[in-house]
Structures are given as C-alpha cells and as structure tokens.
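Visitor: If you scroll down you'll find the structure; I have some questions about it.
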Amino acid sequence: MRDTTSLLPLIVRDLRLERDGRVLLDVPIARIQNRQRNVILGPNGAGKSLFLKTCHGLVPPTSGSIEFTRPASAADNRRKQAMVFQKPVMLRRSVRANFMHALAMAGVGWRERRRIATETMAQFGLSSLADMPARVLSGGEQQRLAIARAASLWPDLLFLDEPTSSLDPTASRQIEDMLEILHERGVTLVLTTHDLGLARRFADVILFFHNGRLVEESNAERFFTAPQTPEAKAFLEHRLFW
Ligand SMILES: Nc1ncnc2c1ncn2[C@@H]1O[C@H](COP(=O)(O)OP(=O)(O)OP(=O)(O)O)[C@@H](O)[C@H]1O
C-alpha cells in the first residue's frame, strides 16, 4: 500500500555547483511541488542532468540547500525517491531478477518481493519478458524495465534523465504512457528531455536552464505561449545555442 505522507515539496535554495572555477549550477530558488509533472528543458550542457543528480543527492553542491518540506529518516528518504538514468543499468540476470534485486536492496522481504515484481511487470506490460535476460532487451524495453523497477515501490518522487532519448516514436509513446500511469498514481515526476513534443503534452511545470542557471520556472502553458525571458524565447524558436 502506498504511503500517502509525501516528502514534498522539495525546495532548492541558493544552490551553486562549481568545478575548477567554473559555475556549473546556479539556482537561487526552485520548488518541486507534490504530484506535478516537472520537465527540465535547456540546450546541451545547460546543467539539466547535473541539477537532477544534485537534487537526488548524487552530486553534493558547493553551497546551498535542497530540502524536503517533510523530512523523513535517511532510509525513508532513499525509499521515497528514485532516479532513472539515461543509460539504464541492467543486472546480467532476468527481468524478474532485476526487480527482485532492486526490491531486496530496498529491504523488502522475499515473499513480498515476488508479489511486487509480478504486479509491477503486469502493470507495465513486462510480464511476457519476465524470464528474458535483461541485457538482450531492446533499448525501449530496457528503458521500460528501468522505469518500472524504479517505480516498483511507488516513490514520492522520481527523477528521469532523458527517458525517451534514442527511442523510436512508438517506444517513446510507451514511456510517456508509463509516466502518465505514475502521475495518476500520485508520483511526482522530474524529467529532462530534448523532446519538445513530449514537454508540451506532458508538463505541468517547466524548469528552463541555460549555462547552468535556472532562467525560468513556469507553468508549462505559459512557458510555451508566453516565455518570459529572451533565452527561453530563443530556445523555443531554435535560436539559442550554448
Ligand atoms: N562531474 C563533472 N565535473 C565537471 N564538470 C561536469 C561534471 N558533470 C558535468 N559537467 C559539466 O557541466 C555542464 C552541464 O552538464 P549536464 O550533463 O548537466 O548538461 P545537460 O544540460 O544535461 O546536457 P545534455 O542535454 O547535453 O545532456 C557541462 O558543461 C558538463 O561538461
């Protein structure tokens, strides 16, 4: 049963990430609200992936804070947020075993692991692949497995780095359908993408980055119809380069 006590909103304040004298991230304030579909846009090298990894706790910032409004224990925090990487990491085992391993790592008992794995595979159309070695799946199937595996404990917050990159239109649509299911089940989503079609269809909120700076955080409809900054306007007109 999903725990309905959310950690969110997540508030980012005065976040800076510097490496070798270069400012890679500069985010005075950002808010990830409960149950929203947040899409991070920006040109190559804008800092989108770094922002995700920093919010997820994988990259420590140079300064600033990233805080959940309702802080939980460290163990709860780990269980309540998950991240799917651009290149999914698959164990050299079956699809089912990939689920079982992830659930074991999260401290779920054996009987419960089997039940959750079976249910999650059924929910996301992966049952017929259960005994296939995960490494031989197509790119689209691997991405579906990676998302379903991360979602199997129904985290509060799921970060996804370019979940549809290098997928064909059908596989991309399957991923989008999965994301809609997660949204409907109350998972807050934060994803990066270069697919403006996906962003227009899917996003509630856009966080637009340029040169490491969060230039605009806005309701998605407003972002696409009336961008507030010259950078966002240029980006939407395909005129913004690094
Ligand atoms: N560990 C690191 N150390 C130093 N610089 C880094 C590190 N990781 C990323 N960078 C630099 O930070 C900048 C932002 O990288 P990031 O991967 O976040 O961009 P992005 O917006 O996700 O780009 P893309 O759309 O091309 O994936 C880049 O200039 C990159 O070279």
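Visitor: Considering only protein heavy atoms, what per residue accessible area in square angstrom results for segment 168-240 with a 1.4 angstrom probe?
Guide: Per residue, segment 168-240 has an accessible area of 45 Å².
Visitor: Of the options 193, 55, 142, report the single residue whose Cα projects farthest towards the positive end of the charge dipole of the chain (beta-carbon charges: Lys, Arg +1; Asp, Glu -1).
Guide: After comparing all options, I get 142.
Visitor: For the chain: lysine pairs with Cα atoms under 20 Å, gap of 8 or more or different chains, count?
Guide: So the count of such lysine pairs works out to 4.
Visitor: Counting only protein heavy atoms, what percent of the accessible surface of the chain is carbon or sulfur at a 1.4 Å probe?
Guide: Within the chain, the accessible surface is 50 percent carbon and sulfur.
Visitor: Does anyone have the angle between helix 95-105 and the longest principal axis of the chain? Alpha-carbon axes, 0 to 90°, nearest 10?
Guide: Rounded to the nearest ten degrees, it is 70.
Visitor: If we count every other residue with Cβ under 13 angstrom of residue 69's Cβ, Lys/Arg +1 and Asp/Glu -1, where does the sum land?
Guide: +2
Visitor: How tilted is helix 139-151 with respect to the longest principal axis of the chain? Cα atoms for both, answer in degrees (0 to 90, nearest 10).
Guide: For 139-151 against the chain, the angle is about 90 degrees.
Visitor: OK, next. Please give the peptides 21-28, 39-46 ranked by average Cβ packing (other Cβ atoms within 10 Å per residue), highest first, as a rough proxy for protection.
Guide: 39-46, 21-28
Visitor: If you count only protein heavy atoms with a 1.4 Å probe, what accessible area per residue comes out for segment 92-136, rounded to a whole Å²?
Guide: Accessible area per residue, segment 92-136: 59 Å².
Visitor: Take the Cβ-Cβ distance between residue 110 and residue 233 as r, set R0 to 51 Å, and report the resulting FRET efficiency rounded to the nearest 0.05.
Guide: That pair, residue 110 with residue 233, gives E of 0.40.
Visitor: Let me ask something additional. When only alpha-carbon atoms are used, what values of Rg and Dmax, in angstrom, describe the chain?
Guide: 18.0, 55
Visitor: For helix 110-123, report the angle its Cα long axis makes with the longest principal axis of the Cα atoms of the chain; keep it between 0 and 90° and round to the nearest 10°.
Guide: Roughly 60 degrees between the two axes.
The values are calculated or read from the model by the stated rules, or taken from the named source; none is laboratory data. Just so we're clear, the structure is a prediction, and the values are computed from it rather than from any experiment. For neighbour counting, all protein chains shown are included, and Cβ atoms are generated from backbone atoms with ideal geometry for every residue, glycine included. For accessibility, only protein heavy atoms count, side chains too; no ligands or nucleic acids. Shrake-Rupley method; radii C 1.70, N 1.55, O 1.52, S 1.80 Å.
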